[in-house]
Each structure stands twice: as C-alpha cells, then as structure tokens.
Amino acid sequence: MATALITLLLIEVLLLVMWAPFFFRTGITLFNQRVAATPAELAQLSLAGLEHDLPADTWLRLVFHALPDGSIAFRESFAPSFGGRYFPLMRGRVMIDARRREVRVVGLCSWFALGLTLMLVPIILVRPAAWPMLVALLLFYMGYYIQRRRYADVVEAVRARLRSKFPQHLVAAPQ
C-alpha cells in the first residue's frame, strides 16, 4: 500500500512539473468561483502575468502556465524557498468562458492527499494504536485553509483585472 502511495505521489509531481493539460482539467474540485464579466471586459482581459498581481506572501510562490485550450493552469512553485512550507493540496485553472460571460477559477484536489486520507481511516480503525497518524489529516486541513486563502487571492486578482480600465497589453508595455 505504501508503494502505491509513493508511486501516486511521484506520478502527480511529474504531471505537475510537465504541466500536463489533462491533469489540470480533471480531478476533485475543492474550489470553484465564477466571476461575471461583460463582453467588453472579456475582450480586453489578459491573464498573462497573473502571478505578478498576487500579494507577496510568505508561502511558496504560485506559478502560472498557459495551456493549449487557452486556459491558464496554476500550482505552487517547486523552486527552493525560505518561506513557510505546507503540503500542496491544490492545483488550479483559470478559464475564460465568453459564451457564459464569465471567468472561472477552479481549484482541484491532490490525488496523493486524497489517497493518503482514504488509507489512514481504515488503518486507524483496524489498529487504534496508530491514532497519531491522524496528525497527517490535521496537516492537510491546515494546508487546505492556507490554499483556500491563496485561491481567493487568485480570484481577486482576476476580478481586479476585469475592473481595470486599461487594456492589459498597454499596462504591461515597457516604458
């Protein structure tokens, strides 16, 4: 069982590093926010450089990557950092839906975290002496709380870009 979890973790990390489009489209949704926008706002919206609109944080930096379908995927950076650490439970995607006149920001659950959680419950039921392993679930909850706040920052950055009066390609132009 431990081998299966380690394999799942390695596969998940590999898919995150490779920015595999199907991996950012599938999974269990933790967060799902729809931001309404007018056709004019959607026409001028650019999601490029979204990571620069996020507040400076003590946690791992979020990185963004354009996917072939036009959406933007995001996850925690794997770069070394001296900031706070937590177990990354989420990956996400920002999608513009012109037909529905909205921008969707979706956060998906880590398969490893789900697998470990599902494995811990039966172990503790069969072997009550293993109850200290419940600390892992507490750590996941703390990580979820942190990532819920970070997800809200991404949604707020998208809202700020929609409210912007200036076309993004003019704002980002070098002086």
Close pairs (6 angstrom Cβ cut-off, 6 or more residues apart or separate chains): touching a residue at least 12 places away in the same chain (Cβ under 8 Å) and among the hydrophobic types (A, V, I, L, M, F, W, C) in region 118-141, in a helix (DSSP H, G or I) and open to solvent by less than 50 Å² (accessible area, probe 1.4 Å) anywhere:
MET133/LEU120; PHE140/ALA113
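Rundown of residues vs (1) modelled with pLDDT of 85 or more; (2) in contact with an Asp or Glu (Cβ under 6 Å, 6 or more places away or on another chain), yes/no style:
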residue: LEU54; (1), (2): yes, yes
residue: ARG61; (1), (2): no, no
residue: GLU76; (1), (2): yes, no
residue: VAL94; (1), (2): yes, no
residue: PHE140; (1), (2): no, no
residue: GLN147; (1), (2): yes, no
I'm told MET119 meets every condition in (1) assigned to a helix (DSSP H, G or I); (2) modelled with pLDDT of 90 or more except one. Can you identify the failing condition by its number?
(2)
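This table checks each residue for (1) farther than 17 Å from ASP153 by Cα; (2) in contact with a Leu (Cβ under 6 Å, 6 or more places away or on another chain); (3) among the charged types (D, E, K, R).
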site: THR3; (1), (2), (3): yes, no, no
site: GLU12; (1), (2), (3): yes, no, yes
site: MET18; (1), (2), (3): yes, no, no
site: PHE24; (1), (2), (3): yes, no, no
site: ASN32; (1), (2), (3): no, no, no
site: THR38; (1), (2), (3): yes, no, no
Sort out which residues of region 45-61 are free of Cβ contacts under 8 Å to residues at least 40 places away in the same chain, part of a loop (DSSP other than H, G, I, E, B) and open to solvent by 30 Å² or more (accessible area, probe 1.4 Å), and write them in order of number.
ALA56, THR58, ARG61
Which condition from (1) in contact with a Leu (Cβ under 8 Å, 6 or more places away or on another chain); (2) open to solvent by less than 30 Å² (accessible area, probe 1.4 Å) is the one that ILE146 breaks?
(1)
Does at least one position in region 33-44 carry a residue that is open to solvent by 70 Å² or more (accessible area, probe 1.4 Å), part of a strand (DSSP E or B) and out of contact with any Ser or Thr (no Cβ under 9 Å at 6 or more places or on another chain)?
yes
Check region 69-92 and report whether any residue there is in a loop (DSSP other than H, G, I, E, B), within 15 Å of PHE24 (Cα to Cα) and of a type in the set (Asp, Glu).
yes
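The values are calculated or read from the model by the stated rules, or taken from the named source; none is laboratory data. Keep in mind that this is a model prediction, so the values were computed, not measured. With ideal geometry, Cβ positions are generated from the backbone for all residues, glycine too; neighbour counts draw on all protein chains shown. Side chains included, ligands, DNA and RNA excluded: accessible areas come from the protein's heavy atoms. Shrake-Rupley method; radii C 1.70, N 1.55, O 1.52, S 1.80 Å.
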